[in-house]
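Where a number appears in this text, it was derived from the coordinates with a stated rule and is not lab data. Since this is a predicted model, take the numbers as computed values, not measurements. Here the Cβ is made from the backbone with ideal geometry for all residues, glycine too, and neighbour counts use every protein chain on show.
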Amino acid sequence: MSLQIVLNVIIAFMWMFLSETYTFPSFFTGFLIGALLLFFLRRFIPDAFYLHRVWKMIRLVFLFIKELLLSNIDIVKWVYKPKQTYNPGIFALPTDLKTNWEITILTSLISLTPGTLSVAVSHTNDVIYIHAMDIYDNEEAINAIKDSFEKAIMEVTR
């Protein structure tokens with residue numbers, strides 16, 4: 001992936017120098033031309049086309065923003081509820097993520113989402129302990145995290 005990014009930037013600079021216009025629009029045009037060249041020549045490059053992974057990263061960011069907004073709305077509802085009936089708890093999330101980088105991203109996304117906090121990671125890195133502000137069903141919470149954040153992280157990193 002990094003080789004493709006470097007090649008794309010080199011093609012963009014070459015386009016800018018050959019067209020003799022040293023502006024951002026010229027660089028951007030060269031970048032788009034380079035991306036098209038890399039897309040059409042992708043069978044000669046050993047790795048998958050890098051813009052697929054960039055698109056998946058953008059989707060992960062939008063997923064986090066969506067979850068952030070929804071959890072903020074839930075927190076506001078709980079705060080302004082006349083009779084507060086919270087059910088806080090800690091649950092264990094078995095994870096399929098393998099690398100420290102993937103686990104760090106998942107725990108950060110969980111901790112940055114209001115109402116949840118990553119408490120600890122097991123020594124074998126296969127279980128993450130999470131505190132939730134309001135939890136009624138552990139399996140539902142586990143499936144929600146696995147189907148959203150964990151799935152998106154695996155799409156980006158693998």
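For region 61-158, what is the charge dipole size about the Cα centre, in debye to the nearest 20, if Lys and Arg each add +1 at the Cβ and Asp and Glu each add -1 at the Cβ?
On the way: 8 positive and 12 negative charges, 62 e Å.
Magnitude of the dipole: close to 300 debye.
Taking region 60-118, which trypsin sites (Lys or Arg not before Pro) meet the DSSP loop condition and have no more than 10 other C-beta atoms within 10 Å?
On the way: sites: Lys66, Lys77, Lys83, Lys98; in loops: Lys83, Lys98.
Qualifying residues, ordered by number: Lys83.
Taking Pro94, Pro114, Pro46 as the candidate residues, the one with maximal mean-square fluctuation in a Gaussian network model of the chain, Cα springs under 10 Å, is Pro46. Simple rule: put +1 on each Lys or Arg Cβ and -1 on each Asp or Glu Cβ in the chain, find the dipole, and look at Ser122, Phe149, Ala48; the Cα lying farthest toward the positive end is Ala48. Taking semi-axes √(5λ) of the Cα gyration tensor in Å as the quantity of interest, determine which of (i) 34, 15, 12; (ii) 37, 17, 14; (iii) 42, 19, 11 was computed from the displayed structure. Correct label is (iii). Compared with the direct C-alpha span, the chain from Met57 to Val6 gains 16.5 nm at full extension, assuming 0.36 nm per residue.
Here the spin labels are modelled as points 7 Å beyond Cα on the Cα-Cβ line, and at Val119 and Lys81 they lie 2.0 nm apart. Our summary gives the chain a relative contact order of 22 percent, counting only alpha carbon pairs under 8 angstrom and 6 or more residues apart.
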